[in-house]
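Worksheet: the structure to be examined is printed underneath.
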Amino acid sequence: MKLIIQIPCLNEELTLPETLADLPREVDGFASVEWLVIDDGSTDRTVEVARANGVDHIVRLTNNRGLAAGFQAGLDAALKLGADVIVNTDADNQYFGGDIHKLVAPILAGDADMVVGDRQIDSIEHFSPLKKRLQKLGSWVVRQASETGVSDTTSGFRAYNREAAIQLAVVSKFTYTLESIIQAGKLLVAIDDVPIRTNPKTRESRLFPSMSAYVRRNTVSIFRIYAQYEPLRVFMTLAAMLVLAAMVPWGRWFIAWVQHDGAGHVQSLIFGAVLFNAAVVMAALGVIGDLLHGQRMMTQRVFEKVRRIELQLEVPPSHYEPGARPTGHPVTTGARAAPTPEEQRQSTQEQEAVQL
């Protein structure tokens with residue numbers, strides 16, 4: 001079995017060496033352990049540092065596409081490179097690499113398809129009390145939305161077996177952590193979590209410029225993702241709330257009408273009608289969203305089938321470049337090594353010559 005550890009990076013030349021030094025080259029249950037760096041349009045020496053520190057594979061995106069896109073590109077490349085299990089970690093060395101064996105243990109035992117590392121938020125010293133409470137609240141909301149029992153839903157230290165990775169399709173432009181858990185819960189992917197350790201803080205988070213931005217972005221992300229998978233429940237709930245709100249001004253008008261003063265409270269009747277019309281619109285959106293959800297699930301199945309066909313046809317990963325390929329750790333895929341950029345150019349030239 002092959003384990004590939006992927007690391008999404010954006011200008012991480014300073015922290016990447018420490019992160020790589022913390023990662024294992026051997027894990028029980030795997031014949032080979034390889035490292036994959038996804039360079040998300042870095043403007044520093046991230047790629048050169050990765051090669052100098054023995055990274056086996058590099059996916060080099062031409063411009064910055066965001067953490068979620070980098071994560072998805074890494075999954076796609078790791079699958080095409082023959083990974084049986086994929087571990088995702090962060091380039092800021094937040095997670096202790098020595099706990100990877102804990103992360104993959106439930107997968108090797110056949111008890112889970114996806115495992116999330118639980119940082120045990122209360123034990124992280126550099127997290128403020130407010131941030132700890134917000135993390136717990138956000139995790140509780142995601143657990144309700146995904147119908148899973150994951151304790152630390154924003155943790156980026158996680159493992160996927162091949163089947164789970166094939167099914168996941170993150171569409172968020174912001175982060176993959178929340179969407180992948182909600183999506184996995186709706187796709188009936190078996191999810192588990194295990195306690196893991198963290199390393200001392202190396203730098204400030206680049207995802208959130210402030211605590212208010214963290215709350216705002218995560219709130220919007222959770223609502224958007226949940227509405228994609230449960231549109232009827234979301235919009236019908238909003239419609240019911242608006243109907244109840246409409247009953248208040250209508251009740252006020254009715255009481256005035258009984259007292260023969262209805263003409264003096266027509267504004268309440270109109271306001272109630274506006275709220276009721278808004279409720280009808282919300283209900284209609286719920287029906288339309290439910291129909292779109294059906295189309296989304298069909299698209300999800302098509303995406304999964306296309307990915308399986310690509311793997312069978314041995315389609316090389318996009319934006320792929322070979323890494324250092326250190327001695328003793330040969331690069332192998334499910335069938336053949338991914339071609340280098342030079343080999344790809346030669347193949348294109350040969351095809352053009354044949355056409356001529």
Residue order, fewest to most surrounding Cβ atoms within 10 angstrom, among ASP111, ASP90: ASP111, ASP90
Taking the Cα centre of the chain as origin, work out the dipole magnitude from +1 charges on Lys and Arg Cβ and -1 charges on Asp and Glu Cβ, in debye rounded to 20. 1100 debye
Rounded to 10°, Cα long-axis angle of helix 341-355 versus longest principal axis of the chain: 90 degrees
Separation between the THR62 and ARG216 pseudo-spin-labels, each 7 Å from Cα along Cα→Cβ, expressed in nm? 3.2 nm
Förster radius 25 Å - calculated FRET efficiency between TRP140 and SER318 (Cβ-Cβ, nearest 0.05): 0.10
From DSSP H assignment alone, runs of 4+ in the chain each adding -39500 (n - 2.57), the sum over residues rounded to the nearest 500 puts [θ] at 222 nm at -16500 deg cm²/dmol
To the nearest 10 degrees, the tilt of helix 266-312 (Cα long axis) against the first principal axis of the alpha carbons of the chain is 20 degrees
Check the chain and count each lysine pair with an alpha-carbon distance under 16 angstrom, considering only pairs eight or more places apart or from different chains. 4
Charges at C-beta only: +1 for Lys and Arg, -1 for Asp and Glu. How large is the resulting dipole of the range 228-317 about its Cα centre, in Debye rounded to 20? 140 debye
Once the dipole of the range 1-123 is set up with Lys and Arg at +1 and Asp and Glu at -1 on Cβ about the Cα centre, which of TYR95, ALA68, VAL115 lies farthest towards its positive end? ALA68
Based on DSSP, what percent of beta bridges with both residues in the chain are antiparallel, to the nearest 5? 35 percent
Ranked by how many other beta carbons lie within 10 Å on average, peptides 286-293, 43-50 from highest: 43-50, 286-293
Neighbour-count order for TRP250, TRP140, fewest beta carbons within 10 angstrom listed first: TRP140, TRP250
Where a ≥ b ≥ c are root eigenvalues of the Cα gyration tensor, a/c under 1.5 meaning rounded, otherwise prolate if a/b exceeds b/c and oblate otherwise, the range 224-299 counts as prolate
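Under the rule a/c < 1.5 gives rounded, and otherwise a/b versus b/c splits prolate from oblate, where does the range 122-266 land using the Cα gyration tensor?
Prolate, because a/c is 1.5 or more and a/b exceeds b/c.
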Angle in degrees between helix 231-258 and the longest Cα principal axis of the chain, rounded to the nearest 10: 20 degrees
Looking only at the range 70-112, which residues have a backbone nitrogen under 13 Å from a spot 7 Å from the Cα of MET1 in the C-beta direction? 83-87, 101-112
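Taken together, the values in this text are just the output of simple stated rules run on the coordinates, not laboratory data. Treat the numbers as computed from the prediction; the structure is a model and nothing was measured. Counting neighbours? That spans all protein chains shown, and the Cβs are built from the backbone with ideal geometry, glycine included.
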